[in-house]
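J.: So that we are looking at the same thing, I have put the structure below in structure tokens.
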Amino acid sequence: MLERTELLVSGPAQALGALLDVPVPDLGQEGLPPLWHWIYLLDRPAQADLGPDGHAERGVLPEPPGPGRRRMWAGGQVRTRGPLRCGEPATRTAEVLSVQEKHGRSGPLTFVSVGHRIRQGGRLVVEERQDIVYRDASGAVTVPDAGPVVPAADDEWPIEVTPALLFRFSALTYNAHRIHYDRDYARAVEGYPGLLTHGPLQALAMAEAARARGCTGDVLFDYRLVSPLFDDQGMVVRAVAEGNLVTAGVRDRYGRRTATAEMRRAGS
Ligand SMILES: CC(C)(COP(=O)(O)OP(=O)(O)OC[C@H]1O[C@@H](n2cnc3c(N)ncnc32)[C@H](O)[C@@H]1OP(=O)(O)O)[C@@H](O)C(=O)NCCC(=O)NCCSC(=O)C[C@](C)(O)C(=O)O
């Protein structure tokens, strides 16, 4: 079990608001919007504990299941149970919930689910499961050939994916994974055609599209990264509200789905 306590300050939230060009609520009253806790209470591994991929290989959860495995964020579930406010301390605890060996189209896969809980003022305010997948170094990720560009519809939110956007998100989440900023490494070592768009960035974009449709406060957010999104493919986000349920997705500019999510107000 890992535990970290710190005072939440407004700077990171202001930076995320600027990164995504979305409104920042009153952080001391309303608290952080859903998923924004991902830029707080971060692991701060020593430089000596980073592996060859730039990700920590010791002292964080999960630790890689073996040398040379390719870490990816696969999906998860977030339940918010109350406001997580800036100006007050909060504590995050983390523990491994399960490890599952599977075989996919890209070869052997190890799924590690990590449970995170954030408490503030004696209350549990965020409860989360993060699914991290480790691919085998020999496994290949296949990306279908791009078709024609599908222009963003009126109800879609196009986001230009540039190295600067990816770098700023890595900085905000203190994530040194080289697949997001080191193109030579991403291509030559991990076999991707370009820089990878972070899973949490796609999930946050979906949660923001849902927030724009009024889904915020105490929510249950389920999401999956279904295919890698590279930096030259753009990012188009859409959220559709039907009653209490918001269904969201990310596609690239050619119409290929890369992430899906469902978000609903908790308790209804
Ligand atoms: C996950 C990949 C490798 C599986 O790809 P695949 O084609 O090999 O798998 P499959 O054949 O579709 O499925 C095999 C089994 O895995 C399961 N499965 C399949 N997908 C998932 C999922 N998402 N969550 C949970 N389970 C999943 C699936 O249900 C099936 O289970 P079964 O045998 O029991 O039926 C593939 O879908 C993929 O590449 N997805 C995109 C991942 C991605 O781009 N993540 C974001 C970038 S990495 C990142 O942000 C990192 C970060 C922030 O820096 C950091 O944490 O360090």
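J.: Restricting the stretch 101-125 to residues that are in contact with a Ser or Thr (Cβ under 7 Å, 6 or more places away or on another chain) and open to solvent by 20 Å² or more (accessible area, probe 1.4 Å), which is farthest from the ligand (Cβ to nearest atom)?
T.: Across the stretch 101-125, the extreme among qualifying residues is Arg119.
J.: Then there's this: For the stretch 134-163, name all the residues that are open to solvent by 60 Å² or more (accessible area, probe 1.4 Å) and outside any loop (DSSP other than H, G, I, E, B).
T.: Trp157, Pro158, Pro163
J.: Residues in the stretch 189-207: is at least one buried (at least 21 other Cβ atoms within 10 Å of the Cβ) and free of Cβ contacts under 8 Å to residues at least 12 places away in the same chain?
T.: There is no residue in the stretch 189-207 that is buried (at least 21 other Cβ atoms within 10 Å of the Cβ) and free of Cβ contacts under 8 Å to residues at least 12 places away in the same chain.
J.: I'd like to verify a number: residues in the stretch 70-100 that are open to solvent by 50 Å² or more (accessible area, probe 1.4 Å) and in a loop (DSSP other than H, G, I, E, B), how many?
T.: Number of matching residues: 4.
J.: Considering only residues that are of a type outside the set (Lys, Arg) and either touching a strand residue (DSSP E or B) at 6+ places or on another chain (Cβ under 8 Å) or surrounded by fewer than 17 Cβ atoms within 10 Å (Cβ to Cβ) (or both), which ones fall in the stretch 167-188?
T.: Phe167, Ala171, Tyr174, Ala176, His177, Ile179, His180, Asp184, Ala186, Ala188
J.: Still on this structure: Of all residues in the stretch 241-250, count the ones that are more than 14 Å from Leu204 (Cβ to Cβ) and either within 13 Å of the ligand (Cβ to nearest atom) or without any contact (Cβ under 8 Å) to a residue 24 or more places away in the chain (or both).
T.: 4
J.: Somewhere in the stretch 231-247, is a residue closer than 19 Å to Leu32 by Cα, open to solvent by 60 Å² or more (accessible area, probe 1.4 Å) and over 15 Å from the mean Cα position of the chain (by Cα)?
T.: Looking through the stretch 231-247, none of the residues is closer than 19 Å to Leu32 by Cα, open to solvent by 60 Å² or more (accessible area, probe 1.4 Å) and over 15 Å from the mean Cα position of the chain (by Cα).
J.: Moving on to the next point. Tell me whether the stretch 21-32 contains one or more residues that are free of Cβ contacts under 8 Å to residues at least 60 places away in the same chain, under 25 Å from Pro228 (Cβ atoms) and surrounded by fewer than 17 Cβ atoms within 10 Å (Cβ to Cβ).
T.: yes
The values are calculated or read from the model by the stated rules, or taken from the named source; none is laboratory data. Small disclaimer: the values here were computed from a predicted structure and weren't measured. Cβ atoms come from the backbone with ideal geometry, glycine included; neighbour counts cover every protein chain shown. Ligands, DNA and RNA are stripped out before the accessible areas are found, and what is left, the full protein with its side chains, is counted by its heavy atoms. Shrake-Rupley method; radii C 1.70, N 1.55, O 1.52, S 1.80 Å.
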